[in-house]
Amino acid sequence: MNYSFANRVNTLQPSVIREILKYSSVPGMISFAAGNPAPEAFPADEIAAISAKIYAERPIDALQYSVTEGYNPLREAIRERYSFLFGENDQVIITSGAQQVMELTTKSLCNEGDVIICEAPTFIGSLNAFRSYNTKLVGIPMENDGMDLNALEDALKNNANVRFIYCIPNFQNPSGIVTSLEKRIGIYALAKKYDVMILEDNPYGDTRWEGEEIPSIKSMDTDCRVIYAGTFSKVVSPGMRVGYGIAPAPVIAKMTVCKQVSDVHTGIYNQMIVHQFMTGDTYDAHLAHIKEVYRKKSSLMTSLIDIELAPRISYIKPSGGLFIWCTLPEQIDMLSFCKEAVNRKVAVVPGSAFLVNESDPCSCIRLNFSTPTDEQIEQGMKVLGELLSEY
């Protein structure tokens, strides 16, 4: 049979990262391509104890249907812990990971052909969510402290029907860049000037192990134009798929209706676990633990980059997040380098996967330090160093 697919999905391609992750099952493969939390970062014992208590005391609540907006105690706990993000008119919806916030935002706000402005490079999962609704994507080059504001204003001036600006201000995926306070203020001012919304994605903010916290764009939102996406995937469990969106009440209402036709509600049992853990006595100690885990692992990888790869490559030293963004010498074909690395059983992600237009020139690769063991980091960096020397 010849299958005819909807126009909006005909051009969608599988996630490059998900395709590369298939190599992880190859015996001996070292993967720097994932974005998974470190095994030692999972609070398995705490979750086991919470789960037992839930099923002993409230099994029907955990197994029954629930409301689309999410488990109310968890919503209230988010509002209490992150009160600085909430304006008078803001509400919260629990989603199936932060990824669903991107999809629901696009579904709620965008018609086919509408424009979404985003950082270039940016998270491939969000790009695919935007593409699935046949929107037009306009990429804004990243500088060392965030988006190029002049390019952002040009894009706002020269594109009709801009629906929102998408940004990841903290430890951006893939680049690791932290948007400065000055640029956060500038992004918000431009959004206000041109009357567009902002989708602020913050999956890595709670992993900061160095430097001062910078106020979120959402905390500056005085006229109800910022949608904020948060998640427990990087600090509790990605498999539970518990994220959340904070936005003005009319936007949350429309996102709720859109979610009802997708999955009715995020798994209530998982929400109950996250709520109990988040409001318990060990949560802050757990956050401190994972920060220390990632500080050590990132330090190991950057020290080995300095030994095995520098000064032939440049990179952005992380102070949070899970990734290191490396720039290869211009004369090296980046895709060829990535393919040969896989042949030598080291998987990295080609930087072109994160571009609005994957055919644009790119000489960068993304490395993940959270998933591999210390021994794998040492071995994998040695292989990449040898490969770079051959080039």
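The values are calculated or read from the model by the stated rules, or taken from the named source; none is laboratory data. Everything numeric here is computed off the predicted structure, so don't read it as measured data. A quick note on method: Cβ atoms are made from the backbone with ideal geometry, for glycine too, and the neighbour counts reach across all protein chains shown. Quick note on the areas: whole protein, heavy atoms, side chains included, nothing else; ligands and nucleic acids left out. Shrake-Rupley method; radii C 1.70, N 1.55, O 1.52, S 1.80 Å.
What residue among M197, G243, T256 has its Cα farthest toward the positive end of the dipole of region 141-257, where the charges are +1 on Lys, Arg and -1 on Asp, Glu, each on the Cβ?
T256
Taking the alpha-carbon distance from K218 and a cut-off under 18 Å, which lysines remain once sequence neighbours fewer than 8 residues away in the same chain are dropped?
The qualifying lysines are K183, K192, K193.
Which lysines does K296 reach when only Cα atoms under 21 Å apart count, and residues fewer than 8 places away in its own chain are ignored?
K234, K317, K382
Quick check: net charge around P250, other residues with Cβ under 13 Å of its Cβ, Lys/Arg +1 and Asp/Glu -1?
+1
Using only Cα atoms, figure out Rg for region 231-320 and give it as a multiple of 2.2 N^0.38 Å.
1.57
What size of dipole, in debye to the nearest 20, comes out for region 157-233 about its Cα centre when the only charges are +1 on Lys and Arg C-beta atoms and -1 on Asp and Glu C-beta atoms?
Here region 157-233 has a charge dipole of around 400 debye.
Return the lysines within reach of K136: Cα separation strictly under 17 angstrom, same-chain partners fewer than 8 residues apart disregarded; answer none if there are no such residues.
K107, K157
For the chain, with every protein chain kept in place, what is the accessible area per residue (1.4 Å probe, Å²)?
Per residue, the chain has 44 Å² of solvent-accessible surface.
Restricting to bridges with both residues inside the chain, how much of the DSSP beta-bridge set is antiparallel, in percent to the nearest 5?
50 percent
Considering only the other residues whose Cβ falls under 12 Å of the Cβ of N150, what net charge follows from Lys and Arg at +1 and Asp and Glu at -1?
Once positives and negatives cancel, what remains is -2.
How big is the dipole moment of the chain about its Cα centre under a simple scheme where the beta carbon of each Lys and Arg is +1, that of each Asp and Glu is -1, and everything else is neutral? Debye, nearest 20, please.
760 debye
Taking the Cα atoms of the chain, report the difference between the largest and smallest coordinate on each principal axis, in whole Å and largest first.
58, 58, 55
Of all alpha-carbon pairs in region 249-391, indicate the percentage at a distance above 27 angstrom.
Every Cα pair in region 249-391 considered, those over 27 Å come to 44 percent.
Considering the chain as a Gaussian network with a 10 Å cut-off on Cα pairs, which listed residue, G125, G243, G176, attains the greatest mean-square fluctuation?
Sorting by GNM fluctuation, first place goes to G125.
Just from its helices, what would the mean residue ellipticity at 222 nm be for the chain, if runs of 4 or more DSSP H residues each count -39500 (n - 2.57) and the sum is divided by every residue, rounded to the nearest 500 deg cm²/dmol?
-12500 deg cm²/dmol
Which net charge results when you count Lys and Arg as +1 and Asp and Glu as -1 among the other residues whose beta-carbon is under 10 Å from that of F86?
-2
Using a 1.4 Å probe and ignoring any ligands, DNA or RNA, find the accessible area of D306 and quote it in Å² to the nearest 10.
80 Å²
Which values of log₁₀ I(q)/I(0), to two decimal places, follow from the Debye formula for region 308-391 at q = 0.21, 0.24, 0.25, 0.26 Å⁻¹ with a uniform point scatterer at every Cα?
Each listed q corresponds, in turn, to -1.06, -1.38, -1.48, -1.57.
Give me the percent of accessible area attributable to carbon and sulfur for the chain, probe 1.4 angstrom.
Carbon and sulfur atoms account for 50 percent of the accessible area of the chain.
Work out the length of the dipole vector of region 246-391 about its Cα centre, built from +1 on the beta-carbon of each Lys and Arg and -1 on the beta-carbon of each Asp and Glu, and round it to the nearest 20 debye.
340 debye
Nearest 0.05, what FRET efficiency do D306 and D281 give at R0 = 41 Å with Cβ-Cβ as r?
0.55
Suppose we take every Cα in region 143-208 and form the convex hull; what volume per residue is that in Å³?
86 Å³
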